[in-house]
Every structure is written in structure tokens, then in C-alpha cells.
């Protein structure tokens, strides 16, 4: 089978635009930028159609291109941001987490969020609040958090892509979790 026959660029907008837009919007939190990234993805895919090997579906291939575009946005946003003081953050971390197992200390455990039910409407409302809380994070923190917990990216990959040290990465993750927890408790519970 010829690889070009596996791609159907004339159907990309109809078949994949909504999915790619939602994927991008969940990670960027900017509607215009999400639309632009989808357009850039389609353009890059057209320019690189000859590289498509057919080892994945068209959507998977387009999503991979989009992920790289999103990482470029994260990298651009995070450049120039100051590194987190690691010593200060380590001390702060001991206040909230058990040194042996990394779990929350009893005094700082998050309250239940009340989303244990599986009502899709409730989950949609929760996701809206989560997106608002993510937007309140500094750009680098949001980028790290989204890559780690929404994209399941490896810490090494995140550090390499965003040019942060391993220890700075974990400090950022810690502070992002604390900020998101506080925001969610204030706006959801």
C-alpha cells in the first residue's frame, strides 16, 4: 500500500480539527492560540506528508505534530523565567509531604473535592474550574504540570524540553500542586 493513500488531507479539518482544538485548548488555555496551533499542525503535516510512515493512525500522527507545537509554546513561555530557589522549596516540601513516602502529611491532606460521583455535568463543571485554576499558575508551572499529569510525559523529557533541572522540576511540580489544591478548594468545594 502506498503511504500517500493513508493520508487524506482534504478530510483533516472535518475529521480531526475539533479533537486537535480540544486537545490544544486543554493544554494552552488560550482559544486563539489553540486555533493557530491546529492550523500550524495541518500546515506542518502537509509539508511533511512524505515522512508519514503509516505506523500510526492519521490522528495519532497529527496529534504528535501538535504536541511538538505545544512544547514549543511552553518553551517560549518558560524562557526567561527565574529558577525556583531549590533550598527554600525543599524546606517547604517537608512541611507538606512525608519524607519517607512522599504522601501528604495528615495536617495538609487535601479535602475531598466532591467529584467522586460520575455525573458528566459535574465533571464538566469541575474541568472548567480546573482550567481556570491552571490559568492562574505561572506559565512554566502550568507547562510542567500539564506535561506531567495530562500528557504523562517523563520527567526527563519535560526537563529536556523546557530546559529545567531535575530538582527545579520537582519543586515546580510541588508548588503547582499546592497552588492548584488551594484554588480548587476555594472555587470547587
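The values are calculated or read from the model by the stated rules, or taken from the named source; none is laboratory data. Since we're looking at a predicted model, the values are computed, not measured. We place every Cβ from the backbone using ideal geometry, glycine too, and count neighbours over all the protein chains shown.
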Practice prompt. Residue by residue through the range 7-18, note down the ones that are touching a helix residue (DSSP H, G or I) at 6+ places or on another chain (Cβ under 7 Å) and assigned to a helix (DSSP H, G or I).
Written response: 9, 12, 16, 17
Worksheet entry | Scan of the range 25-52 for residues that are modelled with pLDDT of 90 or more and either under 17 Å from residue 150 (Cβ atoms) or in contact with a strand residue (DSSP E or B) (Cβ under 8 Å, 6 or more places away or on another chain) (or both), ordered by number | 33, 34, 37
Response to the item:
Picked from the range 19-65 (must be in contact with a helix residue (DSSP H, G or I) (Cβ under 7 Å, 6 or more places away or on another chain) and not in a helix (DSSP H, G or I)), the residue surrounded by the fewest Cβ atoms within 10 Å (Cβ to Cβ) is 53
